[in-house]
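The values are calculated or read from the model by the stated rules, or taken from the named source; none is laboratory data. Since the structure is predicted, the reported quantities are computational estimates derived from the model, not experimental observations. Virtual Cβ from ideal backbone geometry, glycine too; neighbours counted across all protein chains shown.
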Amino acid sequence: DGGITQSPKYLFRKEGQNVTLSCEQNLNHDAMYWYRQDPGQGLRLIYYSQIVNDFQKGDIAEGYSVSREKKESFPLTVTSAQKNPTAFYLCASSPDTADEAFFGQGTRLTVV
Amino acid sequence: GEDVEQSLFLSVREGDSSVINCTYTDSSSTYLYWYKQEPGAGLQLLTYIFSNMDMKQDQRLTVLLNKKDKHLSLRIADTQTGDSAIYFCAEIDSNYQLIWGAGTKLIIKP
């Protein structure tokens with residue numbers, strides 16, 4: 001079945017370590033996104049990519065990095081520079097930026 | 001920048017109708033969406049409406065759009081326990097990016 005997969009569902013890391021969250025889609029979508037969700041807040045855009053080998057910063061890109069070497073994959077690295085990394089991270093994709101977004105199930109990252 | 005506002009909580013009795021409201025600022029918005037998020041899960045698109053429509057009905061869901069007031073609402077008829085979730089309003093802005101509300105948590109009372 002077509003879909004968008006995030007892994008792992010839960011992730012624990014020690015403070016100061018970089019960690020990479022995986023996002024894969026087999027929907028043949030051009031656009032992919034990373035959002036961060038904190039309790040009582042809406043989704044905030046971290047990075048997005050409209051096409052392979054290209055990506056742009058969203059509203060809260062500091063402390064994060066991404067790559068888009070393949071159409072299917074858009075991994076997000078949470079670096080040690082991110083001051084408050086504990087959050088629920090959601091990856092999404094869409095045929096292009098004007099279309100409906102399809103979401104993965106999310107990764108809950110806890111930094112201790 | 002553009003903004004989308006929603007109340008954070010709504011509590012209704014099982015069997016009643018739920019009405020979740022949303023206001024937005026971008027008058028050039030072409031599409032407006034309602035997404036549902038169940039606990040610990042990603043978001044699922046519930047329904048959407050084009051900006052040239054006033055109303056859209058889909059089974060128990062009714063979306064109303066008042067472009068003049070920039071107000072969008074989602075009505076869920078005969079609310080069930082399975083409707084418990086966070087409901088997000090979103091719009092496409094003039095840069096073709098999604099702008100999200102903070103989400104409304106729908107609480108169902110027996």
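Closer than 24 Å to A:Gln6 by Cα, in contact with a Phe, Trp or Tyr (Cβ under 8 Å, 6 or more places away or on another chain) and either aromatic (Phe, Trp, Tyr) or surrounded by fewer than 18 Cβ atoms within 10 Å (Cβ to Cβ) (or both) - does that describe any residue in region B:83-90? Yes, some residue in region B:83-90 is closer than 24 Å to A:Gln6 by Cα, in contact with a Phe, Trp or Tyr (Cβ under 8 Å, 6 or more places away or on another chain) and either aromatic (Phe, Trp, Tyr) or surrounded by fewer than 18 Cβ atoms within 10 Å (Cβ to Cβ) (or both). Under the condition of being more than 8 Å from chain B (Cβ to nearest Cβ), closer than 16 Å to A:Tyr47 by Cβ and either modelled with pLDDT of 90 or more or part of a loop (DSSP other than H, G, I, E, B) (or both), the residues counted in region A:92-112 number 3.
Each row is one residue, and each column tells you yes or no for (1) out of contact with any His (no Cβ under 6 Å at 6 or more places or on another chain); (2) at the interface with another protein chain (Cβ under 10 Å from one of its Cβ atoms); (3) among the basic types (Lys, Arg).
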site: A:Arg36; (1), (2), (3): yes, no, yes
site: A:Gln41; (1), (2), (3): yes, yes, no
site: A:Lys57; (1), (2), (3): yes, no, yes
site: A:Ser67; (1), (2), (3): yes, no, no
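Evaluated against (1) closer than 26 Å to A:Pro39 by Cβ; (2) touching a residue at least 24 places away in the same chain (Cβ under 8 Å), B:Gln44 falls short on exactly one condition, (2).
Looking at this structure, is A:Ile60 touching a strand residue (DSSP E or B) at 6+ places or on another chain (Cβ under 6 Å) and part of a loop (DSSP other than H, G, I, E, B)?
Spelling it out, A:Ile60 is indeed touching a strand residue (DSSP E or B) at 6+ places or on another chain (Cβ under 6 Å) and part of a loop (DSSP other than H, G, I, E, B).
Of the residues making up region B:91-110, those that are crowded, with 17+ Cβ neighbours inside 10 Å and more than 11 Å from chain A (Cβ to nearest Cβ) are B:Glu91, B:Leu106, B:Ile108. Considered as a group, the residues in region B:27-40 that are surrounded by fewer than 18 Cβ atoms within 10 Å (Cβ to Cβ) and more than 13 Å from B:Gly103 (Cβ to Cβ) include one that is farthest from the other protein chains (Cβ to nearest Cβ), and that residue is B:Ser27. Within region B:88-105, does at least one residue satisfy the condition of being modelled with pLDDT of 95 or more and farther than 13 Å from B:Trp34 by Cα? Looking through region B:88-105, none of the residues is modelled with pLDDT of 95 or more and farther than 13 Å from B:Trp34 by Cα.
Suppose we keep only residues that are of a type in the set (D, E, K, R) and assigned to a loop (DSSP other than H, G, I, E, B) within region A:1-46. Which one would you say is modelled with the lowest pLDDT? Checking each candidate, the answer is A:Asp1.
Quick one: is A:Asn53 touching a Lys or Arg at 6+ places or on another chain (Cβ under 7 Å) and of a type outside the set (Phe, Trp, Tyr)?
On the way: touching a Lys or Arg at 6+ places or on another chain (Cβ under 7 Å): yes; of a type outside the set (Phe, Trp, Tyr): yes.
So A:Asn53 fits the description; yes.
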